[in-house]
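The values are calculated or read from the model by the stated rules, or taken from the named source; none is laboratory data. Model, not experiment: these values are computed from the prediction. Counting neighbours? That spans all protein chains shown, and the Cβs are built from the backbone with ideal geometry, glycine included. Calculation scope for accessible area: heavy atoms of the full protein, side chains included, ligands and nucleic acids excluded. Shrake-Rupley method; radii C 1.70, N 1.55, O 1.52, S 1.80 Å.
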Amino acid sequence: MFEAILLTVITAATPLLIAAIGELVVERSGVLNLGVEGMMIMGAVVGFGVAHHTGSGFLAVIAAILAGMLMSALFGVFVVYLATNQVATGLALTILGLGVSGMIGESFIGIPGMRLPELYIPGLTELPFIGPVLFSHDGVVYAGFALVFLTSYVLFRTRMGLILRAVGDNHTSAHALGYSVLKIRFLAVLFGGACAGLAGGYMSLAYTPQWVENMIAGRGWIALALVVFASWLPWRVVAGAYLFGAVTVLTFHAQAIGVTIPSQFLSSLPYLATVVVLVIISSNRRLTLVNTPACLGKTFIPDR
Amino acid sequence: MRIELVKRKNSSTTMAVLSPVIAVILTLISGAILFAIAGKDPIHGLYLFFIQPLTDSWSIQELIVKATPLVLIACGLAVCYLSNNWNIGAEGQFIFGALCGSFLPILFPDFDNWLTLPLMLVFGTLGGALWGLIPGVLKTRFNTNEILTSLMLVYVASLLLDYLVRGPWRDPDGYNFPESRIFSDSATMPLIDGRLSVSCLVAVAVVIVLALMLSKSLKGFEIRVMGESPRAGGFSGFSQKGLTLFSFAIAGGLAGLAGTMEVSSSLNQLLPSISPGYGFTAIIVAFLGRLNPIGILIAGLVLSLSYIGGESVQASMGISSKIASVIQGLLLCYVLVCDTFVLYQIRIVSTLRSGAQKEASDV
């Protein structure tokens, strides 16, 4: 039982983790992309469709990533190059994603999906308890952790990361130093889209291998909240994602155990928890001010 | 080739008027392409989507019925957005307002007189304002991001509605269907004709009052100053926090009013879902109307048309009604791009040879 709960927590946390790490990079570059939900749902529908037609989990994951990137490219062109309002453009992206995915996915409703295969790691998967809990997942779970490690390393240990953070913290100075603010931001947005697409694909290929309209159900927004929760530090995203994964899973198991709270109250827990967590984090001024990218959400137009 | 934005000396007034029109035209073109991709005749599709709903009186009434909540919510959102408060949870304020507005006819069906409807509207407005004030208070008190909190509360409100309609508020004589009891006559908005109720007149009245408030009153001046330069506003004695609370209360209140009028005129009861996303579509309405009440009135009708057009093409062409959502999303994108042209000129600079290579190397 405990083992099973742990496994489902990992499955529930993975999409949040991946989407949030992508958005973290985007926000570190100074762009707020509120379209995570829309990019995730596109990843979910495209991933499902490709898996259904080709039968290949690998191709499905790649297609989901590309779908997320395509959506984010649209967002990037608008927000970065055409200087549109970031909040409103992100919302437009979400509305668009929900609509397009609904149209594409209409024929997928009711089709049984395919689950990503679990990786077998010789020697480790056979271990008692640790084996099934840690070493019997599909590749995306490990990719999630690799992403956190890489993001953390690149952001804080490499020149590329330094430039990215400079662009997010003071775009005018970064521009004056000769860095192409717009291009760096656009690339960051693309990275965020790839992550959101992957996270969405994971939803329809592993979390619940089927297509249901609107199946992301606010996880894109929770991922956005996780970035604030993590105060823009990659490893804290892991803590946040697992906390939320645990809350989501506990609401399922609470009913199985026989807790008599109405299911709707349990379902609303992750959203309420998000609000509470946001309040706690943001009331700590010192914590947020240190790490919040200073140019977050501000449009930059180079004067040439 | 490279695209550059050059700031205009004065923001272009022609573009300010033209930009929503251009956005609609671009949406029409995209709509035609969408129909072509779906393998349907684009011209016929556009006709069914945008023109046919305007040709008979039933759908014109339906157009006004659906535009009413959109206009009301968008008016409130405009106040929020003008003052830089990003309330995107109007859907939740709509639902919670509807709940507060309908507890009277559901829990006290015996209280049934001329006071019922006015009280419902008051409770609905207050309820919506209360729900809207939650992210407002969290923002002013704890510095919490209002975008995320207001959105999270949408999910909470819709789950609360679901719980009430399936649980304690279910119609005792309703054969276990997840619906509340049907409202009595004194709890429903008076009808003008067919499905058209007094609600639409309320919306028009709100538009007029808000237009006057924004253009003529000190409050309107305060909203615009604080939106454009909070620092300058601070020097003239305006309070940022006070205005945040004010705008969230107005937006929530109008959404709550819209929710109450929706359940007490169009639906006449509570159902597990009472809105096809009015709260989100209203965001598009607010932007298409350029955050101006009169503009919002027109934009509300345009977006309402997208709902009816979606149903129309679904019925006669077999295209998913989700196309409405796609068209709405595209419309918002185009509106935002066109707004850029109000402030900036676009210059296309041709970079001579190897420009692409040079750009690739300086990352």
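Across the range B:321-343, the number of residues qualifying as closer than 19 Å to A:GLY76 by Cβ and among the aliphatic types (A, V, I, L, M) comes to 5.
The residue that is surrounded by the most Cβ atoms within 10 Å (Cβ to Cβ), among those in the range B:129-152 that are at the interface with chain A (Cβ under 7 Å from one of its Cβ atoms) and in a helix (DSSP H, G or I), is B:LEU151.
Of all the listed residues (A:ILE257, A:ILE261), the sole one being free of Cβ contacts under 8 Å to residues at least 40 places away in the same chain, of a type outside the set (Asp, Glu), surrounded by fewer than 18 Cβ atoms within 10 Å (Cβ to Cβ) and more than 14 Å from chain B (Cβ to nearest Cβ) is A:ILE257.
Could you tell me which residue of the range A:77-95 is farthest from A:GLY38 (Cα to Cα), considering only residues that are in a helix (DSSP H, G or I) and at the interface with chain B (Cβ under 7 Å from one of its Cβ atoms)? Lay out the reasoning, then the answer.
Initial filter on the range A:77-95 (in a helix (DSSP H, G or I)): A:77-81, A:86-95.
Cutting the leftovers down to at the interface with chain B (Cβ under 7 Å from one of its Cβ atoms) gives us A:78, A:81, A:87-89, A:91-92, A:95.
Values: A:PHE78: 15, A:TYR81: 20, A:VAL87: 13, A:ALA88: 13, A:THR89: 11, A:LEU91: 8, A:ALA92: 9, A:ILE95: 7 Å.
Ranking the candidates gives A:TYR81 first.
Every listed requirement among (1) assigned to a helix (DSSP H, G or I); (2) closer than 20 Å to A:VAL46 by Cα is met by A:ILE184 save one, (2). Against the condition within 30 Å of B:PHE111 (Cβ to Cβ) and either charged (D, E, K, R) or open to solvent by 60 Å² or more (accessible area, probe 1.4 Å) (or both), how does B:GLU228 come out, does it pass? The answer is no for B:GLU228. A:LEU74 passes every criterion in (1) open to solvent by less than 10 Å² (accessible area, probe 1.4 Å); (2) without any contact (Cβ under 8 Å) to a residue 40 or more places away in the chain apart from (1). If A:TYR142 satisfies all but one of (1) open to solvent by 10 Å² or more (accessible area, probe 1.4 Å); (2) touching a helix residue (DSSP H, G or I) at 6+ places or on another chain (Cβ under 9 Å); (3) modelled with pLDDT of 90 or more, what's the number of the condition it fails? A:TYR142 satisfies all of (1) open to solvent by 10 Å² or more (accessible area, probe 1.4 Å); (2) touching a helix residue (DSSP H, G or I) at 6+ places or on another chain (Cβ under 9 Å); (3) modelled with pLDDT of 90 or more except (2). Name every residue in the range B:155-190 that is among the hydrophobic types (A, V, I, L, M, F, W, C) and open to solvent by less than 70 Å² (accessible area, probe 1.4 Å), in order of residue number. Listed by number, the residues that qualify are B:VAL156, B:ALA157, B:LEU159, B:LEU160, B:LEU161, B:LEU164, B:VAL165, B:TRP169, B:PHE183, B:ALA187, B:MET189. Considering A:VAL238, A:VAL227, A:VAL154, the condition of being assigned to a helix (DSSP H, G or I) and within 19 Å of A:GLY90 (Cα to Cα) is satisfied by A:VAL227 alone.
Look at B:MET261 and say whether it is crowded, with 22+ Cβ neighbours inside 10 Å, closer than 21 Å to B:ILE283 by Cβ, in contact with a Gly (Cβ under 9 Å, 6 or more places away or on another chain) and modelled with pLDDT under 90. Answer is no for this residue.
Counting only residues that are more than 18 Å from B:ILE294 (Cβ to Cβ), hydrophobic (A, V, I, L, M, F, W, C) and in contact (Cβ under 8 Å) with a residue 60 or more places away in the chain, give me the helices (runs of 4 or more DSSP H) lying completely in the range B:199-266 with at least 2 of them.
Values: elements: B:199-216, B:218-228, B:230-235, B:240-261.
In the range B:199-266, B:240-261 are the helices (runs of 4 or more DSSP H) which contain 2 or more residues that are more than 18 Å from B:ILE294 (Cβ to Cβ), hydrophobic (A, V, I, L, M, F, W, C) and in contact (Cβ under 8 Å) with a residue 60 or more places away in the chain.
The set of residues from the range B:16-63 being surrounded by fewer than 16 Cβ atoms within 10 Å (Cβ to Cβ) and among the charged types (D, E, K, R) comprises B:ASP41, B:ASP56.
Figure legend. Inter-residue proximity from the range A:175-190: first residues under 18 Å from A:GLY22 (Cα atoms) and more than 11 Å from every other protein chain (Cβ to nearest Cβ), second residues surrounded by fewer than 20 Cβ atoms within 10 Å (Cβ to Cβ) and of a type in the set (A, V, I, L, M, F, W, C), beta-carbon distance below 9 Å, spacing 6+ or different chains. Indicated pairs: A:ARG185/A:PHE300; A:VAL189/A:ALA73; A:LEU190/A:ALA73. When the residues of the range A:96-134 are filtered to those that are exposed (fewer than 13 other Cβ atoms within 10 Å of the Cβ) and within 14 Å of chain B (Cβ to nearest Cβ), the one that is nearest to B:GLY31 (Cα to Cα) is A:SER107.
Being crowded, with 23+ Cβ neighbours inside 10 Å, assigned to a helix (DSSP H, G or I), within 13 Å of another protein chain (Cβ to nearest Cβ) and modelled with pLDDT of 95 or more is a property that does not hold for A:ILE18. If the condition is being under 18 Å from B:SER325 (Cα atoms) and not small (Gly, Ala, Ser), then the range B:21-39 contributes B:VAL24, B:ILE25, B:LEU26, B:THR27, B:LEU28, B:ILE29, B:ILE33, B:LEU34, B:PHE35, B:ILE37.
Answer yes or no: is there a residue in the range B:226-233 that is within 30 Å of B:LEU161 (Cα to Cα) and hydrophobic (A, V, I, L, M, F, W, C). For the range B:226-233, residues within 30 Å of B:LEU161 (Cα to Cα) and hydrophobic (A, V, I, L, M, F, W, C): absent.
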